[in-house]
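Trainee: Here you go, one structure.
The values are calculated or read from the model by the stated rules, or taken from the named source; none is laboratory data. It should be emphasised that the depicted structure is a prediction, and the values quoted were computed from it without experimental measurement. Here the Cβ positions follow ideal geometry from the backbone for every residue, glycine too, while neighbour counts run over all protein chains shown.
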Amino acid sequence: MKILLQHARTRLYLRGLGDWTANHHEGFDFQHSQKAIDFARQHSLNSVQIAVKFIDGQFDETFPLPAAASASVVQQARA
């Protein structure tokens, strides 16, 4: 299983900061959804979602970034 960041509009996968790929095998594996969320927030990546990819692809899923994580980052920045 891989945990990736995917651009919601283009469906490209993050390979590195500013580097995107159409091939999910080349995307950066965050290994945990919280790491992907933290990275997206720290680097102000907009319009991204979490993509969970399995070897056989049968159970692949995408999820929007949680709004609560976004709100807490904004609150911490203002503190």
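Trainee: Under the condition of being crowded, with 16+ Cβ neighbours inside 10 Å and either out of contact with any Ser or Thr (no Cβ under 6 Å at 6 or more places or on another chain) or among the small types (G, A, S) (or both), which residue from the range 13-23 is nearest to N46 (Cα to Cα)?
Mentor: L14
Trainee: For the range 24-50, give me each residue that is out of contact with any helix residue (DSSP H, G or I) (no Cβ under 9 Å at 6 or more places or on another chain), part of a helix (DSSP H, G or I) and surrounded by fewer than 12 Cβ atoms within 10 Å (Cβ to Cβ).
Mentor: H25 - this is the single residue of the range 24-50 that is out of contact with any helix residue (DSSP H, G or I) (no Cβ under 9 Å at 6 or more places or on another chain), part of a helix (DSSP H, G or I) and surrounded by fewer than 12 Cβ atoms within 10 Å (Cβ to Cβ).
Trainee: Residues of the range 17-30 being modelled with pLDDT of 95 or more and not acidic (D, E), which ones? Break it down stepwise before answering.
Mentor: We begin by selecting, within the range 17-30, every residue modelled with pLDDT of 95 or more; these are 19-30.
Of everything in the range 17-30, those that are modelled with pLDDT of 95 or more and not acidic (D, E) turn out to be W20, T21, A22, N23, H24, H25, G27, F28, F30.
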